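Since the structure comes first, as structure tokens, the remarks are kept for the end.
The values are calculated or read from the model by the stated rules, or taken from the named source; none is laboratory data. Quick caveat: nothing in here was measured; it's all calculated off a predicted structure. Cβ atoms come from the backbone with ideal geometry, glycine included; neighbour counts cover every protein chain shown.
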Amino acid sequence: MELTQKQKTRLNKLQKRLRREVGSAIEDYRMIEDGDVVMVCLSGGKDSYTMLDILLNLQHRAPVEFKLVAVNLDQKQPGFPEEVLPAYLDSLGVAYHILEKDTYSIVKDKIPEGKTTCSLCSRLRRGTLYGFAQRIGATKIALGHHRDDMVETLFLNMFFGGKLKSMPPKLLSDDGANVVIRPLAYAREKDIAEYAELKAFPIIPCNLCGSQENLKRKQVKEMLQVWDKQFPGRIETIFTAMQNVAPSQLVDRALFNFTDLRADPDAQPSGEVAESDLPAFDFFDADNSGHIDLDRASRIDVVNVYQP
């Protein structure tokens with residue numbers, strides 16, 4: 001389909017924005033370094049297509065040399081169009097591998113009908129991809145998660161897991177053998193969706209889990225969409241908060257040593273306390289059983305003495 005001039009202008013604007021955001025994320029977290037072999041995981045969805053497209057674009061502009069290898073895992077879902085991704089990648093001239101592993105049958109066998117399959121499916125997929133990355137000498141594994149995914153995961157873990165954690169832009173696998181990167185960490189889902197539509201990527205839907213309407217993630221996504229509509233900019237604020245964590249202001253004893261906190265008897269009071277923005281108030285003077293007026297002067301005077 002031929003794009004109108006207005007659509008071409010919009011596409012160019014989106015590409016520049018996504019390229020800037022991906023470039024910033026890569027620089028901020030040192031995701032890609034000179035000589036890296038980046039295994040780009042393609043699912044056939046809008047996010048991974050956009051990730052590959054922007055990385056290819058940046059590859060020609062980046063100050064470092066790195067290789068891209070596209071990898072798709074064919075999980076043998078019924079009706080999966082096997083020809084779509086190879087044809088698309090051939091048209092780009094991108095090196096790629098299509099892995100075949102029947103994780104679909106394993107998931108259907110282990111998960112009762114109607115239950116959420118995403119958890120087991122993602123573990124099986126991740127294990128396969130991690131192992132293959134080592135076989136081809138990939139130094140980084142790129143996943144297509146974006147900013148909205150990361151915010152949703154934060155709330156999913158809080159609401160349903162009792163943990164304050166999300167998806168990091170860069171992650172070392174538990175065994176220490178692989179580094180996972182998320183180049184779209186700063187990108188908004190609505191920008192990615194619009195970009196994918198204008199680029200006319202050959203989207204492949206997930207028939208295994210895409211029809212599960214009661215997913216917890218779907219509930220959280222809808223909640224955040226309502227917030228964003230009522231209070232524009234709230235999602236950006238939440239994501240900014242994820243980058244400005246104050247461990248001493250939370251309650252995780254493993255993250256901050258609360259138990260050994262002691263006042264320094266030699267410290268000079270600065271007045272910078274958590275309540276410093278509250279208005280001045282009077283308080284009881286334990287030594288003199290009196291009442292102190294903080295507004296009167298810099299010198300503390302006992303105003304009234306209370307007799308027992």
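Things worth noting here:
- Restricting L11, L55 to residues that are in a helix (DSSP H, G or I), buried (at least 21 other Cβ atoms within 10 Å of the Cβ), at pLDDT 95 or above and assigned by TED's automatic domain parsing to the domain that holds Y186 narrows the list to L55.
- For region 105-154, filtered to residues that are touching a Cys at 6+ places or on another chain (Cβ under 8 Å) and more than 20 Å from V40 (Cβ to Cβ), the residue that is modelled with the highest pLDDT is V107.
- The strands (runs of 3 or more DSSP E) found entirely in region 131-222 that carry 2 or more residues being in contact with a strand residue (DSSP E or B) (Cβ under 9 Å, 6 or more places away or on another chain) and touching a residue at least 60 places away in the same chain (Cβ under 8 Å) are 140-142.
- Scanning region 42-63 for residues that are polar (S, T, N, Q) and free of Cβ contacts under 8 Å to residues at least 60 places away in the same chain returns N57, Q59.
- Within region 15-41, considering residues that are among the small types (G, A, S) and within 16 Å of the chain's Cα centre (by Cα), the one surrounded by the fewest Cβ atoms within 10 Å (Cβ to Cβ): S24
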